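See structure below.
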Amino acid sequence: MTSTTQSQQLFDRALEVIPGGVNSPVRAFRGVGGTPRFVASAKGAYLTDVDGNRYVDLIGSWGPMILGHAHPDVLAAVTEAAARGFSFGTPSENEVALAAEIVARVEPVEQVRLVSSGTEATMSALRLARGVTGRSAVVKFAGCYHGHVDALLAHAGSGVATFALPDSAGVPASAAGETIVLPYNDIDAVEQVFAERGEEIAAVITEASPGNMGVVPPAPGFTEGLRRVTREHGALLISDEVMTGFRCSAAGWYGLETGEGGNSPGGYPSGAPDLFTFGKVMGGGFPAAAFGGRAEIMAQLAPDGPVYQAGTLSGNPVATAAGLATLRGCTPSLYGRLQSVADTISSAADTALTDAGVPHVVQRAGSMFSIFFTEGVDGAVTSYAEAQAQDTAAFGRFFHSMLDAGVHLPPSAFESWFVSAAHDDAAVEQVLDALPAAGRAAG
Ligand code: PMP
């Protein structure tokens, strides 16, 4: 049993001065019980907590740390940028370089506006879609999380799923009333709502491949179906790649889906999504995110257009330096390595749970994967309702067994596991060694 004395002391103090002791709800371990580990430092594939315990990290800061923690190239870029000043409030060179990197990678994106969080990116993309179309309703899918934007919190995944909330208090009925929530992967429901209310709908927003109800990839043809229906009715399609962007491939889920072996290998016959949102990897662990699309749509933003959007720290020179160095490290060989680490760990987890007789489903989206503690429907989980049917208590036992063996999973059954290029054979071995006992603990 590892000592958690220092973490517990810090948590007790945190509970006095921070609501729930945390600055983002899922960190509180409410879904799994126990004391959240206060991390003192992180390097490569490992976290070290304030009690000196070392863990193989499969949270990866919930996505950004694709190169591993404190990667030397990113550290050098950040140190060099910070030495030149922290924030200017004027345009600066790295903003241009980071925007150009993103535009070069994701073919339908001609321009991006940089912001500081994924929430800001989706909030701004939605405002832009409403401004462009002159309509106010938005369609989202149950189990998709797009940050804590008022209009997008209804039936959201991530922490909202972990705490089994339908939505959030504090969201006015007027904001929620413009949100239409549909079941994921159900194109008939989308067609029906557009047939009834198509004239009112500004946009459909979807996670490119959902990772916030666990990993639930779009069924073949689903994204193309969204594209077709939105186009027919003059609504925009917003693809939220905050989690999948630059992680599932160099061009995110879009690259995977439209590439060889993807769900839409010929691209989208009805056109690409109109707007994309990005975050996580593109900030390399610093606050940087973006939304972007065709230049004619982006021209509707201030200062050229009537849709206002701004930010004191947007395009921050240190954050953009971290993002640039991270994206430049995302080479084809990195994606190959992530795939093979994800293959090895996900299949070992599958085996461990099968051997222990624990009902489960393993699902993948590129190197993102998660385990549902349920049999699924025909061996798969395709919607939020199916994801919610899982045995979260079994996940809690599995989670703590892994933690005791020095492997830190995301503390929720509704989250993707994130691997990095720093997960070398020794780190992977430690995960594999921990899995059989965790499988038995879950059973
Ligand atoms: N969209 C998606 C798909 C996400 O996964 C997240 C964060 N988990 C967000 C938006 C919100 O990003 P942030 O937490 O940076 O506001």
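Cα gyration tensor of region 72-329, axes a ≥ b ≥ c as square roots of the eigenvalues: rounded (a/c below 1.5), prolate (a/b > b/c) or oblate?
It comes out prolate by the Cα gyration axes.
In nm, to one decimal, how far is the modelled label at residue 189 from the one at residue 18, with both set 7 Å along Cα→Cβ?
Taking the two extended label points, one gets 3.5 nm.
Based on alpha-carbon centroids, what's the gap between region 308-365 and region 176-201 in Å, whole number please?
Cα centres, region 308-365 to region 176-201: 31 Å.
Using Cβ contacts closer than 10 Å as the measure, can you line up 274, 391, 343 from fewest to most?
Lowest to highest Cβ neighbour count: 343, 391, 274.
Using alpha-carbon pairs under 8 Å, 6+ residues apart, how would you state the relative contact order of region 370-433 in percent?
Reported relative contact order: 31 percent.
Could you work out the mean projected area of the convex hull around the alpha carbons of region 169-303, in square nanometres to one decimal?
So the Cα hull casts an average projection of 10.0 nm².
Remind me, relative contact order of the chain in percent, using alpha carbon pairs under 8 angstrom and six or more residues apart?
22
Among 11, 369, 286, determine the one that fluctuates most according to a GNM of the chain built with springs between C-alpha atoms less than 10 Å apart.
Result for the chain, Cα springs under 10 Å: 11 fluctuates most.
Does region 336-443 come out rounded, prolate or oblate, given a ≥ b ≥ c as the square roots of the eigenvalues of its C-alpha gyration tensor, rounded meaning a/c under 1.5 and, failing that, prolate meaning a/b above b/c?
Oblate.
Only counting other Cβ atoms within 10 Å, I'd like 371, 297 sorted with the fewest neighbours first.
297, 371
Region 221-287: which GluC sites (Glu not before Pro) are DSSP loop and have at most 12 other beta-carbon atoms within 10 angstrom?
260
Which of 126, 409, 75 moves the most in a Gaussian network model of the chain with Cα springs under 10 Å?
Result: 75 has the largest fluctuation of those listed.
Given the chain, what percent of its DSSP beta bridges are antiparallel, to the nearest 5?
Of those bridges, close to 55 percent are antiparallel.
Any idea what the relative contact order of region 72-329 is, in percent, if you count C-alpha pairs under 8 Å spaced at least 6 apart?
Over region 72-329, the number comes to 30 percent.
If you take the square roots of the eigenvalues of the alpha-carbon gyration tensor of region 51-182 and sort them as a ≥ b ≥ c, do you get rounded (a/c under 1.5), prolate (a/b over b/c) or oblate?
It is oblate, given that a/c is not under 1.5 and a/b is not larger than b/c.
With a 10 Å cut-off between alpha carbons and a GNM built on the chain, which of 311, 292, 279 moves the most?
It is 311.
Count the net charge of all other residues whose Cβ sits under 12 Å from the Cβ of residue 171, scoring Lys and Arg as +1 and Asp and Glu as -1.
Cβ neighbours under 12 Å give a net charge of -3.
Each reported figure results from applying straightforward, stated rules to the coordinates on display, with no laboratory input. Here the structure is a predicted model, which is why all the values come from computation and not from measurement. Ideal geometry is used to build each Cβ from the backbone, glycine not excepted, and the neighbour counts take in all protein chains shown.
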